[in-house]
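> Pasting a structure below so you can have a look.
The values are calculated or read from the model by the stated rules, or taken from the named source; none is laboratory data. Bear in mind that the values here come from a model prediction, so they are computed numbers and not experimental data. Cβ coordinates were reconstructed from backbone atoms using ideal geometry, including for glycine residues, and neighbour counts include every protein chain displayed. Side chains are part of the model used for accessible areas, which takes the heavy atoms of the whole protein and leaves out ligands, DNA and RNA. Shrake-Rupley method; radii C 1.70, N 1.55, O 1.52, S 1.80 Å.
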Amino acid sequence: MNSEQQYIDLYEQAQGAIFAHSIGEMNAVRNQAFEDFRRLGFPSRKVERYKYTDMQKLFEPDYGLNLNRLHIPVDPYKAFRCDVPNLSTSLYFMVNDMFYQGYGDTEVLPKHKLPEGVIVGSMCNHPEVVAKYYAQLAKTAEDGVTALNTMLAQDGLLVYVPKNVKVERAIQVINILRSDVALMVNRRVLIVVEEGAEIKMLFCDHAADDRHFLATQVIEAYVGQNASLDLYCLEETHHKNVRVSNVYIDQQRSSRVNHNVITLHNGTTRNKLDLTLSGEGAECACYGCVIGDKHQHVDNNTLITHRATHCTSNELYKYVLDEHATGAFAGRVLVEQGAQKTTSQMTNQNLTASKEARMYTQPMLEIYADDVKCAHGSTVGQLNDAALFYMRQRGISLKEAKVLLQNAFINEVIDKMQLVPLRDRLHHLVEKRFRGELNKCEGCKLCK
């Protein structure tokens, strides 16, 4: 049996349960997603955007799925030991792929009241918004993993900010993986930021159990005219976790987006970002930092499409890889015909701290307009021998010198993040990560 067939058989056999535990607005696109998945399948390495990760292999194992939406006992405050405390955020939880509001008489919702009209909650409780926006960006992606997620997702997180509303307090969402058996989860997120609205969001991925997890995630974000979205994704899971995340963002006129992805602990991670600058004067900044060792694998793939005039994009990804870790970055900037006055800069810089670590980098520009300022570049290298020698001559040990240089290298990305409390905390977390001092997640074997 190939990797796709078990999911095709599952859908055909369990379609009734899948539909019964969801809402009509999500079910309306489910059968089409199934047909798309059956046609597309999982992308092979012959597909340009997936050449660095074997998707067929990732989806081969037989994972369990909670299609009947059974309650999985969990105390989120016990399972989640926050490495990013004191951020003054409004805190929410997703347990596997369900929005968590508590169980029985216990309600887990933030104490801070949201501005009037703002929604942070289950998709199933807000079908009117889901009907208007759900799967509109994802359906044009022609991506087998996105189709699989749309086919199987039964609920998700909805974040809605009405026109001209500014959410001052950042929204922090903790994605907790919790199971007694190997489990597949299909997480869905829909973010709608209407005209003139602003919001900052932080997603933190954690694994509460020493189990094999496969998490697919699809985020769709609509950013209206003059609106602003800051989106931060921080992963601290363990070596048994597989994370496949596809993010789709559409920006309208004069909007601003900051997208940041930080990978500190993981097993295999594959992040894809498709961002479209659809309105004149839109701006985006996309930053990523990766710290990998052991046998970790992190693959970031980005596509930024300039569709309108006077748009600006900046992109900076940095990796530090040690031991047998593997990293990949493939970034493409597409400037469509008519998108004049485009400004774009893409940079990927990488350090390999061991002879066994591997880094693959592929920055690309595709330009169909003649009045643009676009540049790209990438580097792969090792720690500077002269700098190491200089520091050792002044009494600093080799190990400490390496930590200081690696820390300084990765901090350029962190310093560009707009959420200041998170930025300050990440400086501390990154240093602890290089020193092997990060608090171990429950069940994590990575540092043992």
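> Stretch GLU195-VAL420 to full length: gain in nm at 0.36 nm per residue minus the Cα-Cα span?
Details: separation 225, 0.36 × 225 = 81.00 nm, distance 2.47 nm.
Between GLU195 and VAL420, full extension yields 78.5 nm more.
> Treat each spin label as a single point 7 Å out from the Cα along the C-beta direction, and report the ASN125 to HIS295 distance in nm.
Reported label-point gap for ASN125 and HIS295 is 4.2 nm.
> Write down the Å³ per residue value for the convex hull defined by the alpha carbon atoms of the range 164-251. Numbers along the way, then the final one.
Working: hull volume 6.9 nm³, N = 88.
Hull volume over Cα atoms, normalised by residue count, gives 79 Å³.
> Would you mind computing, in nm to one decimal, how far apart the modelled labels at ARG45 and ASN68 are, each placed 7 Å from Cα along Cα→Cβ?
Once both label points are built, they end up 4.0 nm from each other.
> Next up: Efficiency by 1/(1 + (r/R0)^6): what FRET value for GLN32 and LYS399, r their Cβ-Cβ distance, R0 = 56 Å, to the nearest 0.05?
Working: r = 55 Å, r/R0 = 0.98.
It comes to 0.55.
> Here's something else I'd like to know. Go ahead and run the numbers for FRET between LEU365 and HIS324, Cβ-Cβ distance against an R0 of 45 Å, rounding to 0.05.
Values: r = 32 Å, r/R0 = 0.71.
That pair, LEU365 with HIS324, gives E of 0.90.
> Another one. Would you report the distance distribution of C-alpha pairs in the range 347-410 as whole percents per 10 angstrom bin, up to the bin with the largest distance?
Going from the shortest bin to the longest, the percentages are 17, 37, 24, 14, 7, 1.
> At 1.4 Å probe size, with no ligands or nucleic acids counted, give the accessible surface of HIS428 in Å², nearest ten.
80 Å²
> Per DSSP helix of 4 or more residues, -39500 (n - 2.57); summed, then divided by the residues of the chain. What does that give at 222 nm, rounded to the nearest 500? Working shown, then result.
Numbers: 10 runs with 99 residues, N = 448.
Estimated from H runs of four or more residues: -6500 deg cm²/dmol.
> Taking the range 282-382, how much of its Cα-Cα pair set, in percent, is spaced more than 23 angstrom apart?
Details: 1611 of 5050 pairs.
Cα-Cα pairs of the range 282-382 separated by over 23 Å account for 32 percent.
> So what are the ³J(HN,Hα) numbers for the range 248-254, from phi and the Karplus equation (6.51, -1.76, 1.60; θ = phi - 60°), rounded to whole Hz, Gly and Pro as x?
So the Karplus estimates, Gly and Pro as x, are 10, 10, 10, 10, 9, 3, 6 Hz.
> Would you check the accessible area of ASP293, probe 1.4 Å, heavy atoms only, in square angstrom rounded to 10?
The accessible area of ASP293 comes to roughly 30 Å².
> Suppose each label sits 7 Å from its Cα in the direction of the beta carbon; what would the LEU383-GLU336 distance come out to in nanometres?
Result for the modelled spin labels: 4.7 nm.
> What is the calculated FRET efficiency for HIS21 to GLU116, with r their C-beta to C-beta distance and R₀ = 41 Å, to the nearest 0.05?
Values: r = 31 Å, r/R0 = 0.76.
Working from the Cβ atoms, E equals 0.85.
> Then there's this: Full extension from ASN164 to ARG358: what is 0.36 nm times the residue separation minus their Cα-Cα distance, to one decimal in nm?
Extra length from ASN164 to ARG358 when fully extended: 65.2 nm.
> Taking the range 111-213, which trypsin sites (Lys or Arg not before Pro) meet the DSSP loop condition and have no more than 10 other C-beta atoms within 10 Å?
Details: sites: LYS111, LYS113, LYS132, LYS139, LYS163, LYS166, ARG169, ARG178, ARG187, ARG188, LYS200, ARG211; in loops: LYS111, LYS113, LYS163, ARG169, ARG178, ARG211.
The qualifying sites are LYS111, LYS113.
> With all distinct Cα pairs included, what does the Kirkwood hydrodynamic radius of the chain come out to in Å, to one decimal, could you say? Provide the component values of the computation, followed by the final result.
Numbers: mean 1/r = 0.0446 Å⁻¹.
The answer is 22.4 Å.
> Compute the whole-percent fraction of alpha carbon pairs in the range 289-448 spaced more than 29 Å apart.
Cα-Cα pairs in the range 289-448 separated by more than 29 Å: 30 percent.
> Also: Quick one: net charge of ASN271's neighbours, Cβ under 10 Å, K/R +1, D/E -1? Mind dumping the intermediate values first?
Numbers: positive: ARG243, ARG270, LYS272; negative: GLU235, ASP299.
With Lys, Arg at +1 and Asp, Glu at -1, the net is +1.
> How big is the charge dipole of the chain about its Cα centre, in debye rounded to the nearest 20, if each Lys and Arg gets +1 on its Cβ and each Asp and Glu gets -1 on its Cβ?
Numbers: 50 positive and 54 negative charges, 209 e Å.
Roughly 1000 debye for the chain.
> Aspartates and glutamates within cross-link reach of LYS46: Cα-Cα under 12 Å, excluding same-chain residues under 8 positions apart?
Counting by Cα, and skipping residues close in sequence, LYS46 has these aspartates and glutamates nearby: ASP54.
> Just flag the GluC sites (Glu not before Pro) in the range 161-224 sitting in loop per DSSP whose Cβ has no more than 11 other Cβ atoms within 10 Å.
Numbers: sites: GLU168, GLU194, GLU195, GLU198, GLU220; in loops: GLU168, GLU194, GLU195.
Of the GluC sites (Glu not before Pro), the ones in loops of the range 161-224 whose Cβ has at most 11 other Cβ atoms within 10 Å are GLU168.
> How would the range 119-225 be classified by its alpha-carbon gyration tensor: rounded, prolate or oblate, with rounded meaning a/c under 1.5 and the a/b versus b/c comparison settling the rest? Mind dumping the intermediate values first?
Working: a/c = 2.31, a/b = 1.45, b/c = 1.60.
In terms of gyration-tensor shape, oblate.
> Relative to a virtual label point 7 Å from the Cα of GLN101 in the Cα→beta-carbon direction, which members of the range 169-192 show backbone nitrogen distances below 20 Å?
171-176, 187-192
> With unit charges on the beta carbon (Lys/Arg positive, Asp/Glu negative), name the residue among SER278, PHE59, LEU10 whose Cα is farthest towards the positive pole of the charge dipole of the chain.
Checking the options against the dipole of the chain, the answer is PHE59.
> Next question. Place +1 on the Cβ of every Lys and Arg and -1 on the Cβ of every Asp and Glu in the range 154-215, take the dipole about the Cα centre, and give the residue among GLN154, ALA170, HIS212 whose Cα lies farthest towards its positive end.
After comparing all options, I get ALA170.
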